[in-house]
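The structure appears right after this line, and notes come after that.
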Amino acid sequence: MAHDNIAFQERFPLSILACISLPFSFFVVTVPVMGVHFARTSKKLCQGASFFKPVEILAEDKMFGSRLMVSLLILVGLLFCVPTHSQAMMVGLSTKELTGNSELALVGRVEKVNSHWNADGTMIFTTAEIRVEEPLKGDASPGQTVTVTCEGGEVGNMGLRVSDSATFTRGEKVIVFLEPEAKQVAEARAKPHSQLGGAYKLVGKAQGKYTVDKDGIARKKGFSLAGKSESVENDIPEANLVDKIKREVR
C-alpha cells in the first residue's frame, strides 16, 4: 500500500503507555515538592547563625517527608488504576493449538482487501476476501470465498496500525486459521458476510496467518510473544505445514 500523505495512528497496549507515563509523572509530581523544600532550607541557611533555627528546619523536613509520601501514594494509585491488556504480549501458539482452536483452516488466495470505519466511526477494520484453494479443516470447498476481518487499515488519508494484528495484500497466497466473529461485532461492520455465512477472524491474531512466498515457504510476522516459544513454527515449507495441519484434523 502507498503510505504517502497518510496520517497513521498507532494503537499500543496500555501497559506500555503506563511504563512510559509513570516515570514522567513521578518526575512532575516529586521534583516541585523537592524544589520547594530545598529552596526553603537554603533560604534559612543563608540567613546566618543568628536566624538559624534547627527546630524549624527539622519541622520542614517532616513536612517534606509527608509531601513526598503523598506523592508516592498518588503514583502507586495511578499504577493500579491503569488497565493493562492480557494480550499485550501473546503466548505462542503451536500448529496443534491453532488447528484445534479454529473452525476453518485453509489454503487460499487473497482476492480483495477493503478497509472501512465501523458503524460509529471510532475504529478502522480491514476485510480480506480469500478464495479457497484447499480446505484443511471445517465446512469449506474449493472456489468458495471467506471474509476475514482484522483491526486496522487505511481509509482515505487516515491509517491505523494495531499491535499484533495481521495485514493482507491482494494476490498473496495464505494459510489461515479462522474462528467466527462475534455476531454483534460482525453486524456493526460494513461487510460482515461471506459465502460461508459470516465474517471470520484469525485465531491468535497475526499468529493465525501464514503467507506463502514464491519459493513455497510459509512465513508469519507482525506479532510479539511473551518470551521464547519453540512451539511456534515459522519459515516452514508449505507442504510440511499443510501435512501437519491435516494430521491434527484426523
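Take the residues in the range 199-230 that are more than 20 Å from Ile130 (Cβ to Cβ) and surrounded by 12 or more Cβ atoms within 10 Å (Cβ to Cβ), then tell me which one is farthest from the chain's Cα centre (by Cα).
Ser229
Take the residues of the range 231-250 that are charged (D, E, K, R) and in contact (Cβ under 8 Å) with a residue 40 or more places away in the chain: which is nearest to Met90 (Cα to Cα)?
The residue in question is Glu233.
Give the range 131-163 a look and list any residue that's within 21 Å of Gly100 (Cα to Cα) and among the hydrophobic types (A, V, I, L, M, F, W, C), or say none.
Of everything in the range 131-163, those that are within 21 Å of Gly100 (Cα to Cα) and among the hydrophobic types (A, V, I, L, M, F, W, C) turn out to be Val132, Leu136, Ala140, Val146, Val148, Cys150.
Based on this model, can you work out whether Ser163 counts as touching a residue at least 40 places away in the same chain (Cβ under 8 Å) and either surrounded by 15 or more Cβ atoms within 10 Å (Cβ to Cβ) or out of contact with any helix residue (DSSP H, G or I) (no Cβ under 7 Å at 6 or more places or on another chain) (or both)?
yes
Please enumerate the residues belonging to the range 166-186 that are of a type outside the set (A, V, I, L, M, F, W, C), outside any loop (DSSP other than H, G, I, E, B) and surrounded by fewer than 18 Cβ atoms within 10 Å (Cβ to Cβ).
Passing the criteria: Glu179, Pro180, Lys183, Gln184.
Kindly indicate the residue of the range 165-195 that is at pLDDT below 90 and of a type in the set (D, E, K, R) and also nearest to Lys244 (Cα to Cα) among those meeting that condition.
Among those residues, the one meeting the criterion is Glu181.
The values are calculated or read from the model by the stated rules, or taken from the named source; none is laboratory data. Computed from a predicted model, the values in this text were never measured in an experiment. Cβ atoms come from the backbone with ideal geometry, glycine included; neighbour counts cover every protein chain shown.
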